[in-house]
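Structure record follows, encoded as C-alpha cells.
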Amino acid sequence: MPIQPELLEIMTQTVVIENAIHAPNGPQGEPPVLDGYGRHYSPEGGPSGGIMKYGPPKTYRCRYENQTKVISTVDGRDRVSSGRAYLAGYFPEIETECRVTVPKEVWPTLIHPVVVSIENNYDEDGLVGYNTTVHFE
C-alpha cells in the first residue's frame, strides 16, 4: 500500500542523508572514537583517524518536524532539538549512524541532528514497507 496522495502533498521539505561506510578498527587496531554527539564521524586524519566515512549524499523528500527544547545531559552538555523526518517512501538502508543534513536549518546543532532511531512502517499485513521515519535528538 503506497503513501496516500494527501500525505505526499504535505511532504514538501527535504533532508540529505549519507549512509555510513563502516571500518572495523582504527589505524592501530583501536576502536572508533565517538564525537561529541555520539557519532563515529571524524574528518580524514581527525581524532579517530577518519574511521567513519560516508557514502554519497542522497536527497529525500519528507515532512520535517522539529521541537526545540533544552535537555541537560549527564555529561553536562545541552542538546537543543528533538524531531523527526517522515520520508516519502520506504528506505530500509538508512541506519542510525548515517549523517543527516537538514538544508533549511540555521543552527549548527540542527543542521546535522543526531539520529536516535529509524522506524520502518509496513502495511496492515506487515509484509510491504511503505514509509521510513527518522527520529532525531
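The values are calculated or read from the model by the stated rules, or taken from the named source; none is laboratory data. All of these numbers come straight from a predicted model, not from anything done at the bench. Please note: Cβ atoms are built from the backbone with ideal geometry, for glycine as well, and neighbour counts cover all protein chains shown.
Being at pLDDT below 85 and farther than 16 Å from Glu18 by Cα is not true of Gly55. Among the aliphatic types (A, V, I, L, M), at pLDDT below 85 and surrounded by 11 or more Cβ atoms within 10 Å (Cβ to Cβ): is that true of Leu110 in this structure? Criteria met by Leu110. Evaluating Glu124 against the criteria (1) surrounded by fewer than 17 Cβ atoms within 10 Å (Cβ to Cβ); (2) within 14 Å of Asn66 (Cβ to Cβ); (3) not small (Gly, Ala, Ser) leaves one unmet condition, (2).
Pairs are defined by a Cβ separation below 7 Å, a sequence spacing of at least 6 or placement on different chains, a first member in segment 89-107 that is not assigned by TED's automatic domain parsing to the domain that holds Cys62, and a second member that is surrounded by fewer than 15 Cβ atoms within 10 Å (Cβ to Cβ); no pair meets this definition.
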